[in-house]
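Everything below concerns the one structure shown next.
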Amino acid sequence: MYVWPSAVVLAQYLWKHREELRSRTVLELGAGASLPGVVAARCGAKVILSDSDTKPLTLQNCRRSCDANGLTEVQVLGLTWGDISPDLVLLPELDLILGSDVFYEPKDFEDVLVTVAFLLQKNPKAQFWTTYQERSADWSIEVLLHRWNLNCVDIHLETFDADKPDLAGSSLPGSHSIQMMIITLKKDDQRT
Ligand SMILES: C[S@@+](CC[C@H](N)C(=O)[O-])C[C@H]1O[C@@H](n2cnc3c(N)ncnc32)[C@H](O)[C@@H]1O
């Protein structure tokens, strides 16, 4: 039930873009305590929260976050990164995919991007909004983005007032270095 610092930054970005969220279908990957998904749902989005299929207690915590925030319509699904499971294939049309602090273990980076690439192929206009905590300067997803035909734009935190140690009443960002990116399909794939 730990809310990671990246979640607070992504929640701030969602709040700043709340007008765009109403009635949109949003999937959160690796949701954990689910702060971004909860904020999106409270802003009027139709939200599906997901976390690893192998972690029933985490999925239970996703549901508890919804209960604590009076959200009765949010669906919770077990989606393990890199698994093209029936639940992943049967998802409804998506407008937005969220992921906060899902790039924290290099061995999982490609699995996260396989899931994102699969979803963006099915929903070519959708975007993946993701925040991560810089834990090593040696880690990079650049080669993987190229391999999976994905485009990435860095969103500077100062553009949404998130370059602060305290954010929306939370001191979690502190001195952590948090980054945000928007990942989409490369243009040639968007046309097909
Ligand atoms: C660092 S936590 C971030 C949690 C939450 N997004 C936040 O920012 O507070 C990483 C999350 O990814 C989930 N996770 C780890 N491995 C996963 C996998 N293979 N597939 C799906 N989710 C996974 C964990 O259960 C956990 O909730």
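Each reported figure results from applying straightforward, stated rules to the coordinates on display, with no laboratory input. From a predicted model like this one, the values you see are computed outputs, not experimental measurements. Every residue, glycine among them, receives a Cβ derived from its backbone with ideal geometry; neighbour counts consider all protein chains shown.
Just a few scattered comments:
- 10 Å Cβ shell holding at most 13 others, DSSP loop, chymotrypsin sites (Phe, Trp or Tyr not before Pro): longest site-free stretch of the chain: 3-138
- Neighbourhood net charge (15 Å Cβ-Cβ; Lys/Arg +1, Asp/Glu -1) for PRO56: 0
- Residues with amide H under 5 Å from that of LEU172, placed H, sequence gap 5 or more: LEU167
- Bridge type composition, the chain - antiparallel percent by DSSP, nearest 5: 45
- Residue-by-residue Karplus 3J(HN,Hα) for region 32-48, coefficients 6.51, -1.76, 1.60, Hz, glycine and proline x: x, 5, 6, 3, x, x, 5, 4, 4, 5, 5, 8, x, 7, 8, 10, 10
- Compared with the alpha-carbon gap, the fully stretched path from ASP166 to VAL153 is longer by 2.2 nm at 0.36 nm per residue.
- The chain - Debye-derived log10 I(q)/I(0), Cα point model, q = 0.10, 0.19 Å⁻¹: -0.36, -1.48
- Difference of contour (0.36 nm per residue) and Cα-Cα distance, SER23 to ARG64: 12.5 nm
- When exposed loop sites are taken as GluC sites (Glu not before Pro) in a DSSP loop with at most 15 other Cβ atoms within 10 Å, the longest stretch of the chain clear of them is 1-72.
- Nearest-0.05 FRET efficiency for SER140 and ASP188, computed from C-beta distance (R0 22 Å): 0.45
- Paramagnetic reach from SER85 (point 7 Å along Cα→Cβ, amide N under 20 Å) across region 1-41: 1, 26-35, 37-38
- Residues with amide H under 5 Å from that of LEU150, placed H, sequence gap 5 or more: LYS186
- Across region 157-168, coupling constants 3J(HN,Hα) worked out from phi with the 6.51/-1.76/1.60 Karplus curve, θ = phi - 60°, read 4, 5, 6, 10, 6, 10, 8, 9, x, 10, 9, 6 Hz, and Gly and Pro carry x.
- The lysine pair tally for region 5-190, using Cα distances under 21 Å and a gap of 8 or more places or different chains, is 10.
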